[in-house]
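Written out below as structure tokens is the structure these notes cover.
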Amino acid sequence: MRLTVNLKKLLVMTAALVGIASQLNANMYAPPPGLQIGDKYRLVFMTEEGRTATSSDINDYNSFVTDAAKNSWLGNLTVSWKAIASTTSIDAIDNIGQLTSTVGVYRTDGFLFANGTAEIFSPGFLYPGILTEDALPGRNYAWTGTTQDGHRSSAPLGGVIFPNVGMPLATMGETGTPSRWLFHINEGVIASLPLYAISSEITVLPPPPPAPTPEPGTIGLTALGVGTLFLTTKWKRRR
């Protein structure tokens, strides 16, 4: 009787492992609503975690936002990420590229943020709040070092004691005052604040075909084999 109970427990654990793998395979990213196969778009978010603004190397900030994306569900996308930020040597408008692009820019919750990169750097841009990589409201301020037109401000990142910050207003449906999302106030360079990130262009692809019924993974098979061997040996000894 005890042998049967142990075997049942082993089979339940193996089934659980298979179920988890199946759920992960089914958790596919869906593009923003309204887009068709072949359409292109970009994503924008504000990092949940923060860092200082002491570096004047834009690659440090690009790496920071890239790591934030990779450590979230955005890591499933094959894209590159750039910080919407300016340092002493580069303007945000050049760092993210494609100034005149009319490809839609979307938040991580699928809400349209802007009709293109040109719009986000326009003087009258009434921006909706920016959400984090996990589509949640974030902090009150983010490092930018950038004016509304996308060029470095007089207080770029890595160049002054009090770099410029923007106000994300990361609240669902809320619209911010023009310019504040990039150029609002200044903050001490050693403060830990998030950054804005924008993706390279993403093409909407056809949905993948239905996945076949998943088989037990290596871990499940190994657990089942070892467990079966152990229980069989124990049963023989008891006989």
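The values are calculated or read from the model by the stated rules, or taken from the named source; none is laboratory data. Quantities reported herein were computed from a predicted structural model and do not represent experimental measurements. No Cβ is skipped: glycine too gets one built from the backbone with ideal geometry, and neighbour counts run over all protein chains shown. Heads up: the accessible areas ignore ligands, DNA and RNA and are worked out on the full protein's heavy atoms, side chains in. Shrake-Rupley method; radii C 1.70, N 1.55, O 1.52, S 1.80 Å.
Considering the range 81-90 alone, what residues qualify as being open to solvent by 20 Å² or more (accessible area, probe 1.4 Å) and more than 16 Å from MET46 (Cβ to Cβ)?
THR88, SER89, ILE90
Being surrounded by 21 or more Cβ atoms within 10 Å (Cβ to Cβ) and small (Gly, Ala, Ser) is the filter here, so list the residues in the range 37-56 that pass it.
Filtering the range 37-56 for residues surrounded by 21 or more Cβ atoms within 10 Å (Cβ to Cβ) gives 42-47, 53.
The one that is surrounded by 21 or more Cβ atoms within 10 Å (Cβ to Cβ) and small (Gly, Ala, Ser): ALA53.
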TODO: Give me a count of the residues in the range 27-80 that are more than 15 Å from the chain's Cα centre (by Cα) and small (Gly, Ala, Ser).
DONE: 5
Open item on the list: If ASN59 meets every condition in (1) closer than 23 Å to ILE190 by Cβ; (2) open to solvent by less than 60 Å² (accessible area, probe 1.4 Å); (3) in a helix (DSSP H, G or I) apart from one, which number is that one?
Closed with: (2)
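What's the total number of residues in the range 150-179 that are hydrophobic (A, V, I, L, M, F, W, C), at pLDDT 85 or above and either open to solvent by 30 Å² or more (accessible area, probe 1.4 Å) or within 25 Å of the chain's Cα centre (by Cα) (or both)?
Within the range 150-179, the first condition is being hydrophobic (A, V, I, L, M, F, W, C), and the residues that meet it are 155, 157, 160-162, 165, 167, 169-170, 172.
Narrowing the set further to residues that are at pLDDT 85 or above leaves 155, 157, 160-162, 165, 167.
If we keep only those that are either open to solvent by 30 Å² or more (accessible area, probe 1.4 Å) or within 25 Å of the chain's Cα centre (by Cα) (or both) too, we end up with 157, 160-162, 165, 167.
Total satisfying the criteria: 6.
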Open item on the list: Given the condition at pLDDT below 95, open to solvent by less than 50 Å² (accessible area, probe 1.4 Å), closer than 20 Å to PRO206 by Cβ and touching a Phe, Trp or Tyr at 6+ places or on another chain (Cβ under 9 Å), answer yes or no: does some residue in the range 23-33 qualify?
Closed with: yes
Open item on the list: Being of a type in the set (S, T, N, Q) and either in contact (Cβ under 8 Å) with a residue 12 or more places away in the chain or open to solvent by 70 Å² or more (accessible area, probe 1.4 Å) (or both): is that true of SER101 here?
Closed with: yes
Open item on the list: Restricting to the range 119-148, give me the number of residues that are in contact with a Leu (Cβ under 6 Å, 6 or more places away or on another chain) and under 22 Å from PRO31 (Cα atoms).
Closed with: 2
Task: Failed item in (1) free of Cβ contacts under 8 Å to residues at least 12 places away in the same chain; (2) open to solvent by less than 10 Å² (accessible area, probe 1.4 Å), with THR78 passing the rest - done: (2)
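From the list THR132, THR108, which residue is closer than 21 Å to PHE64 by Cβ, at pLDDT 90 or above, open to solvent by 10 Å² or more (accessible area, probe 1.4 Å) and among the polar types (S, T, N, Q)? Spell out the reasoning first.
Working: THR132 fails: open to solvent by 10 Å² or more (accessible area, probe 1.4 Å).
Going through THR132, THR108 in turn, the sole match is THR108.
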Task: Of residues in the range 180-220 being hydrophobic (A, V, I, L, M, F, W, C) and open to solvent by 100 Å² or more (accessible area, probe 1.4 Å), the one modelled with the highest pLDDT - done: ILE190
Open item on the list: Would you confirm, using the coordinates I've provided, whether GLY116 is at positive phi and either open to solvent by 20 Å² or more (accessible area, probe 1.4 Å) or free of Cβ contacts under 8 Å to residues at least 60 places away in the same chain (or both)?
Closed with: yes
